[in-house]
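Trainee: What follows is a structure written as structure tokens; I'll ask about it next.
The values are calculated or read from the model by the stated rules, or taken from the named source; none is laboratory data. What you see is a predicted model; the values in this text were computed from it and never measured. All accessible areas refer to the heavy atoms of the entire protein, side chains included, with ligands and DNA or RNA removed. Shrake-Rupley method; radii C 1.70, N 1.55, O 1.52, S 1.80 Å.
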Amino acid sequence: MACHGGDLEGGFGPELRTVGERMSREEIVSAIRDGIGIMPALGDRLTEEEIAAIADWIAGLSTGP
Ligand code: HEM
């Protein structure tokens, strides 16, 4: 929430409401697990199942690339 906003509207990090239009599900998974740009990797704090569930949810918020 501190980085992407309570409604994924963005903040310190970019908005994630339409990220499914510019990134594939696999790219979202690796962004969460390994980090992207200045975003820290979260792979040590989330399980693969949790990362997959978050990526499915975020990718599904828009129509996909
Ligand atoms: C489970 C939690 C998170 C998810 C699902 C997530 C997802 C993402 C995704 C998909 C991107 C790429 C967006 C794009 O390029 O359009 C991104 C970028 C970014 N995220 Fe996160 N993020 C999470 C947590 C965080 C946290 C905790 C922070 C702050 C410490 C953060 C800060 C950023 C920043 C600054 C970017 C832009 C990176 C750059 O281009 O340099 N994110 N995030």
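Trainee: If you roll a 1.4 Å probe over the heavy atoms of the protein chains, what accessible area per residue do you get for the chain, in Å²? Write down the numbers at each step before the final one.
Mentor: Details: 4240 Å² over 65 residues.
That works out to 65 Å² per residue.
Trainee: When the chain is fully extended, how far beyond the present Cα-Cα distance does ASP44 get from ARG25, taking 0.36 nm per residue of separation? Present the calculation step by step, with values, prior to reporting the outcome.
Mentor: Values: separation 19, 0.36 × 19 = 6.84 nm, distance 1.95 nm.
The ASP44-ARG25 span can extend by a further 4.9 nm.
Trainee: Turning to a different aspect of this structure: Note down the relative contact order for the chain as a percent, whole number, built from C-alpha pairs under 8 angstrom at least six residues apart. Please report the intermediate quantities before stating the final value.
Mentor: Numbers: 82 pairs, mean separation 22.9, N = 65.
Relative contact order, the chain: 35 percent.
Trainee: Rounded to the nearest 500 deg cm²/dmol, what is the calculated helix-only ellipticity per residue at 222 nm for the chain, with -39500 (n - 2.57) per DSSP H run of length n ≥ 4? All intermediate terms of the calculation are to be shown ahead of the outcome.
Mentor: Numbers: 2 runs with 22 residues, N = 65.
Calculated at 222 nm, the ellipticity per residue is -10000 deg cm²/dmol.
Trainee: From zero outward in steps of 5 Å, how is the percent of C-alpha pairs of the chain spread across the bins?
Mentor: Each 5 Å bin holds this share of Cα pairs: 4, 20, 26, 32, 17, 1.
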